[in-house]
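Any read-out appearing in this document is the output of simple, stated calculations on the displayed coordinates, not a laboratory observation. Please read these numbers as outputs of a predicted model, since none were measured by experiment. Here the Cβ positions follow ideal geometry from the backbone for every residue, glycine too, while neighbour counts run over all protein chains shown.
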Amino acid sequence: QKRVEKGQVGYFNESLRQRLIRERLLSDRLSTAIEENALRLVFQPILESQTGKVTGLEALLRWHLDGEEVAPVEFIPLAEQYGLIKTIGLWVIEQACLQSISLSKGSQPPSVSVNVSVIQLQDHNFASQVQSLLTRLQFDPSLLLIEITESVFATDQKTLLEQIQALQKLNIKISIDDFGTGYSSLSSMQNLGADIIKIDKSFINKIDSTGLSIIKAVMEIAHSMGLRVVAEGVETAEQEKILKDIGAHLLQGYHLCRPLEAEQLTEYLDSSTEQKI
Ligand code: C2E
Ligand code: MG
Ligand code: MG
Ligand code: MG
């Protein structure tokens, strides 16, 4: 009996130790990742379901560490925990805008969505830093969408709501990511004046069972409130068909297009424009 307990304690200590070692290593390397050119963005198109037209691109951060890719779900929490997310977050917005500009070819640049962490929104300077950035790049704020997860509603933070309102004043759009997994209600979306909600992929995944009725209900209320809805994580032709049938306007997912490297974007956007004609 005693030996088993001892062994378990040893095991947990060891795995905890390994985890802390990895955390320390990763956060250390992450702190220099921008200078080392180890970060880059990929872009996943968001498409209009009826026309197949690309309405925007979501920027997703990628990190290459010694030839290995570390997933955002692992390094974003570390960036938050180790005080790196503000710097990285602004870099992401800058790079996303630059990419959009470089795709514009003289005409209107595509709109870009960036994911923003709650910690960034708790910073009094966030909205004004974004404003300076957009001014410097001469980027039209109405082409920038900021995706926030519902965790922002877990607590009613004054600064956070101030920052969101300041962003909206600049004409930046707000999108609620992973809708349905967190704390928000549709009425809190309305109070916030969000423009878009993104129904979480877990519901799209269950579309042939329990998901459909939830998706329908959310869409109906969202549309009556003037919010646009994106269905996230569309992985099959069947899901796409069902979503089209129930009037979902905007779709995103591997079935439509995987996140693309910057170099692939021009070609993809050109070919998707040709398809329309
Ligand atoms: P998210 O914002 O909800 O982004 C969607 C995630 O789902 C992305 O994972 C995307 O690659 C993936 N995805 C897209 N289509 C499908 C599909 O059909 N099926 C499945 N199973 N997955 C799909 P990724 O790039 O690994 O990012 C994960 C999360 O990390 C993001 O979720 C976002 O919350 C966070 N993240 C990514 N980039 C950034 C960033 O620059 N800043 C911050 N703060 N968070 C970021
Ligand atoms: Mg997102
Ligand atoms: Mg999401
Ligand atoms: Mg998310």
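List of remarks:
- Taking amide H as placed 1.01 Å from N in the peptide plane, the amide H of SER49 sits under 5 Å from that of LEU250, LEU251, each at least 5 places away or on another chain.
- Highest mobility in the GNM of the chain, judged by mean-square fluctuation with C-alpha springs under 10 Å and restricted to GLN168, GLN239, GLN157, is found for GLN157.
- Phi-based couplings in Hz for the stretch 246-257 (Karplus 6.51, -1.76, 1.60; Gly and Pro marked x): 8, x, 6, 8, 10, 10, 8, x, 4, 4, 8, 5
- Remark on GLY56: its backbone amide H falls under 5 Å from those of ILE46, a criterion applied only to residues 5 or more positions apart or on other chains, H modelled at 1.01 Å from N.
- Each residue, SER132 and LEU212, gets one label point 7 Å from its Cα in the Cβ direction; the gap between the two is 5.3 nm.
- Think of the stretch 1-110 as having a plus end and a minus end, set by charges on the Cβ of Lys, Arg, Asp and Glu; of SER27, PRO110, GLN95, SER27 sits farthest toward the positive end of this dipole.
- Order of ASP200, ASP208, ASP140 - criterion: other Cβ atoms within 10 Å of each residue's Cβ, fewest first: ASP208, ASP140, ASP200
- Panel values: the chain, Kirkwood radius from alpha carbon pairs, Stokes-Einstein at 20 °C and 1.002 mPa s, translational diffusion coefficient 106 µm²/s.
- Segment ASN191-GLN108, extension gain: residue separation times 0.36 nm, minus the distance between their alpha carbons: 26.8 nm
- With contacts taken as Cα pairs under 8 Å at a separation of at least 6 residues, the chain carries a relative contact order of 18 percent.
- Considering only ARG24, ARG258, ARG62, the mean-square fluctuation computed in a Gaussian network model of the chain, springs between alpha carbons under 10 angstrom, is largest for ARG24.
- Size of charge dipole - the stretch 113-260 - debye, nearest 20, with Cβ of Lys, Arg +1 and Asp, Glu -1, no other charges: 260 debye
- With both labels modelled 7 Å from their Cα along Cα-to-Cβ, the ASN13 to ASP270 distance reads 6.2 nm.
- In the stretch 159-258, Cα pairs under 8 Å separated by at least six residues give a relative contact order of 22 percent.
- To the nearest ten degrees, helix 85-104 and the longest principal axis of the Cα atoms of the chain are 30 degrees apart.
- With 5 Å bins beginning at zero, the pair-distance distribution over Cα atoms of the stretch 149-277 amounts to 2, 10, 18, 19, 17, 15, 12, 6, 1, 0 %.
- If the chain linking ILE246 and ILE21 were pulled fully straight, counting 0.36 nm for each residue of separation and taking away their Cα-Cα distance, it would gain 76.1 nm.
- Whole-Hz couplings from phi, Karplus 6.51/-1.76/1.60, listed for the stretch 130-145; x for Gly and Pro: 5, 4, 4, 4, 5, 5, 4, 7, 6, 9, 5, x, 6, 8, 9, 10
- Folded to 0 to 90 degrees: helix 2-30 orientation relative to the chain principal axis, Cα: 50 degrees
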